[in-house]
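Enquirer: Quick one: structure below, then a few questions.
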Number of protein chains: 2
Amino acid sequence: MSTLTPTARAILGLVALEARTGYDIKRISDSSTRFFWGASYGQIYPELRRLEKAGLVEARDEPRGRVRRRVYSITPAGQQAVREWLLDAETAFEIRDEGLLRLFFRDLLEQDEVLDLVRSRRTWFELTAAYFREIC
Amino acid sequence: MSTLTPTARAILGLVALEARTGYDIKRISDSSTRFFWGASYGQIYPELRRLEKAGLVEARDEPRGRVRRRVYSITPAGQQAVREWLLDAETAFEIRDEGLLRLFFRDLLEQDEVLDLVRSRRTWFELTAAYFREIC
DNA sequence: TTCTTCATGTAAATAGTTACATGATTCT
DNA sequence: AGAATCATGTAACTATTTACATGAAGAA
């Protein structure tokens, strides 16, 4: 079984939720998964073709007028792959959090500056949450 | 001012906490910052040279016997760069969290499976916290 | 003597971003 | 007519991991 990258899984998951074009996936991920796992066109289009080759998604052409358009949908194999990923309790899951990294280095600051640091993280959380609520 | 990558900042921060060799940085980061921002030798050694070139760290040779050994320490410019980073309240800070990504796709599971998913995240948190406490 | 740790590095591969090119359709 | 959106893609660059090479020093 080919091991997918987290980005591949994010894309697969979005297709599993609903059949979509690469353009859709970019738009949706920009307003949802972006907050914990982003994806760019440079990933999305090549990855969709890899997933198709692996039999996890299938594509059909659904042009709108003269504009070509490929809609991807999940296959049974893809559905199983997503489920396996979501239910896997064993493997370690990647985390990167620059905000936590900054908190780790708090000793490099004066006491009142540490407060500023914590406050700025809090503000950032609040803004992100508000923005998330707005676009969802 | 050259814009540093988060990895460069992680390395700079570790040097700022204490003068260290590239080997030290790898060891320390493996038992601390790894949980929110990892670094590999392939990043560390080239990055230390870049930071040195940028004047943010300085190196001196401190061989042990016949073993060559370069100890890096922070410069005033480096100290300022770290402080600016830690106190910057404006810029967005990168997050990647595969665990959150999985929770996002919960609708692809049955109700009882969602519970398993949440439980596995919880277990993972507890194990990570326990391990962190152990090595710190 | 053999295993582990200290120590520095690189080559190759994979992952991911940024910026661009292209063109149709829809909205103002 | 002009701007925004829909739609697909790639080239070049940057970031990151993995696996290897090398060898001294110290511990068992």
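Enquirer: Residues in region A:18-27: is at least one without any contact (Cβ under 8 Å) to a residue 60 or more places away in the chain, at the interface with chain B (Cβ under 10 Å from one of its Cβ atoms), under 30 Å from A:Phe125 (Cβ atoms) and not β-branched (Val, Ile, Thr)?
Expert: Let us first name the residues in region A:18-27 that are without any contact (Cβ under 8 Å) to a residue 60 or more places away in the chain, namely A:18-27.
Now narrow it down to the ones that are at the interface with chain B (Cβ under 10 Å from one of its Cβ atoms): none.
Scanning region A:18-27, I find no residue that is without any contact (Cβ under 8 Å) to a residue 60 or more places away in the chain, at the interface with chain B (Cβ under 10 Å from one of its Cβ atoms), under 30 Å from A:Phe125 (Cβ atoms) and not β-branched (Val, Ile, Thr), so the answer is no.
Enquirer: Kindly evaluate B:Arg27 against the criterion of being of a type outside the set (A, V, I, L, M), over 25 Å from A:Val118 (Cα atoms) and touching an Asp or Glu at 6+ places or on another chain (Cβ under 7 Å). Walk me through it before giving the result.
Expert: Details: of a type outside the set (A, V, I, L, M): yes; over 25 Å from A:Val118 (Cα atoms): yes; touching an Asp or Glu at 6+ places or on another chain (Cβ under 7 Å): no.
No: the conditions fail for B:Arg27.
Enquirer: For region A:111-136, which positions are farther than 13 Å from B:Ala89 by Cα and either surrounded by 13 or more Cβ atoms within 10 Å (Cβ to Cβ) or in contact with a strand residue (DSSP E or B) (Cβ under 7 Å, 6 or more places away or on another chain) (or both)?
Expert: A:Thr128, A:Phe132
Enquirer: Considering only residues that are under 19 Å from A:Thr5 (Cα atoms), exposed (fewer than 11 other Cβ atoms within 10 Å of the Cβ) and either small (Gly, Ala, Ser) or outside the structural domain of A:Glu18 (by TED's automatic domain parsing) (or both), which ones fall in region A:28-72?
Expert: A:Gly42 - this is the single residue of region A:28-72 that is under 19 Å from A:Thr5 (Cα atoms), exposed (fewer than 11 other Cβ atoms within 10 Å of the Cβ) and either small (Gly, Ala, Ser) or outside the structural domain of A:Glu18 (by TED's automatic domain parsing) (or both).
Enquirer: If you don't mind, another one. Pick from B:Arg69, B:Arg96: which is within 13 Å of chain A (Cβ to nearest Cβ), touching a Pro at 6+ places or on another chain (Cβ under 9 Å) and modelled with pLDDT of 95 or more? It would help to see each step written out before you state the result.
Expert: Details: B:Arg69 fails: within 13 Å of chain A (Cβ to nearest Cβ).
When all the criteria are applied, what remains is B:Arg96.
Enquirer: Does region A:101-123 include one or more residues that are in contact (Cβ under 8 Å) with a residue 24 or more places away in the chain and either under 22 Å from the mean Cα position of the chain (by Cα) or more than 19 Å from B:Gly99 (Cβ to Cβ) (or both)?
Expert: No, the conditions are met nowhere in region A:101-123.
Enquirer: Let me ask something else about it. Among the residues of region B:36-45, are any in contact with a helix residue (DSSP H, G or I) (Cβ under 7 Å, 6 or more places away or on another chain) and of a type in the set (Val, Ile, Thr)?
Expert: Yes, region B:36-45 has at least one match.
Enquirer: Still on this model: What about B:Arg102, is it within 26 Å of A:Arg122 (Cα to Cα) and out of contact with any helix residue (DSSP H, G or I) (no Cβ under 6 Å at 6 or more places or on another chain)? Outline the logic, then answer.
Expert: Working: within 26 Å of A:Arg122 (Cα to Cα): yes; out of contact with any helix residue (DSSP H, G or I) (no Cβ under 6 Å at 6 or more places or on another chain): no.
When the stated conditions are applied, B:Arg102 does not pass them.
Enquirer: I would also like to ask the following. Out of the residues in region B:28-48 that are more than 10 Å from DNA strand D (Cβ to nearest atom) and without any contact (Cβ under 8 Å) to a residue 40 or more places away in the chain, which is nearest to the other protein chains (Cβ to nearest Cβ)? Show your work before the answer.
Expert: At the first step, the residues of region B:28-48 found to be more than 10 Å from DNA strand D (Cβ to nearest atom) are B:28, B:30-33, B:35-36, B:48.
Of the ones still in play, those that are also without any contact (Cβ under 8 Å) to a residue 40 or more places away in the chain are B:28, B:30, B:33, B:36, B:48.
On the way: B:Ile28: 11, B:Asp30: 14, B:Thr33: 6, B:Phe36: 4, B:Leu48: 17 Å.
So, considering only residues that are more than 10 Å from DNA strand D (Cβ to nearest atom) and without any contact (Cβ under 8 Å) to a residue 40 or more places away in the chain, the one nearest to the other protein chains (Cβ to nearest Cβ) is B:Phe36.
Enquirer: Would you check which residues across region B:99-126 are facing chain A (nearest Cβ under 7 Å) and part of a loop (DSSP other than H, G, I, E, B) and list them?
Expert: B:Phe105, B:Leu109 - these are the residues of region B:99-126 that are facing chain A (nearest Cβ under 7 Å) and part of a loop (DSSP other than H, G, I, E, B).
Enquirer: Here's a check for you: in region A:73-93, which residue that is assigned to a loop (DSSP other than H, G, I, E, B), more than 7 Å from every other protein chain (Cβ to nearest Cβ) and under 19 Å from the mean Cα position of the chain (by Cα) is surrounded by the most Cβ atoms within 10 Å (Cβ to Cβ)? Quick ask: steps written out before the conclusion?
Expert: To start, the set of residues in region A:73-93 that are assigned to a loop (DSSP other than H, G, I, E, B) comprises A:75, A:88-93.
So of that shortlist, the ones also more than 7 Å from every other protein chain (Cβ to nearest Cβ) come out as A:75, A:88, A:90-92.
Checking the rest, the ones that are also under 19 Å from the mean Cα position of the chain (by Cα) come to A:88, A:91-92.
Working: A:Asp88: 12, A:Thr91: 10, A:Ala92: 10.
The extreme case among them is A:Asp88.
Enquirer: Restricting region B:1-26 to residues that are out of contact with any strand residue (DSSP E or B) (no Cβ under 9 Å at 6 or more places or on another chain) and surrounded by fewer than 14 Cβ atoms within 10 Å (Cβ to Cβ), which is farthest from B:Gly78 (Cα to Cα)?
Expert: This residue is B:Tyr23.
Enquirer: Answer yes if at least one residue in region A:35-47 is more than 14 Å from DNA strand C (Cβ to nearest atom), under 30 Å from B:Phe36 (Cα atoms) and of a type outside the set (A, V, I, L, M, F, W, C), and no otherwise.
Expert: First, the residues of region A:35-47 that are more than 14 Å from DNA strand C (Cβ to nearest atom): none.
No; the residues of region A:35-47 include none that is more than 14 Å from DNA strand C (Cβ to nearest atom), under 30 Å from B:Phe36 (Cα atoms) and of a type outside the set (A, V, I, L, M, F, W, C).
The values are calculated or read from the model by the stated rules, or taken from the named source; none is laboratory data. Just so you know, these numbers come straight off a predicted model, no measurement behind them. Neighbour counts run over all protein chains shown; Cβ positions are idealised from the backbone, glycine included.
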